[in-house]
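Read-outs: derived from the displayed coordinates by stated rules, not from any lab. Because the structure is a prediction, the values reported are computed rather than measured.
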Amino acid sequence: MSVFVDREDDKPKSQWKTNEDWAWFVGENREPICLTTKPEPYTLQKALHWLQRQVAPTVKMVQALDRENHTTILKDMIEQAEHKHLLQLEKSTIEERIDTAVSQENDGIF
């Protein structure tokens, strides 16, 4: 049994018709699916939210490892970090930097 074609015993496999459900799935006889979105502007609020959700847990772990191993991995990384985002923020207006709208996903931390 194949999901891609409908079996036709009187024809060779190369001539079997594409299954209608599969054809629809790959885009025949329907509107195309939009797989891209318009990027949202960079804001300090977005940066802080990303930092809290994605970066902070790893930073906390590396801090603990640095303490246990008497290393300075995190400090060294911070000192070597490029300031691309800071330069981008410096070029923006204050209105662009501060997102005053409270989002629905905000849990009150920022």
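Results, tabulated for the structure shown:
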read-out: In order through the stretch 43-53: 3J(HN,Hα) via Karplus (6.51 cos²θ - 1.76 cosθ + 1.60), integer Hz, x for Gly, Pro; value: 10, 4, 4, 5, 5, 5, 5, 4, 4, 5, 7
read-out: For Val5, distant residues with modelled amide H under 5 Å away; value: Asn19
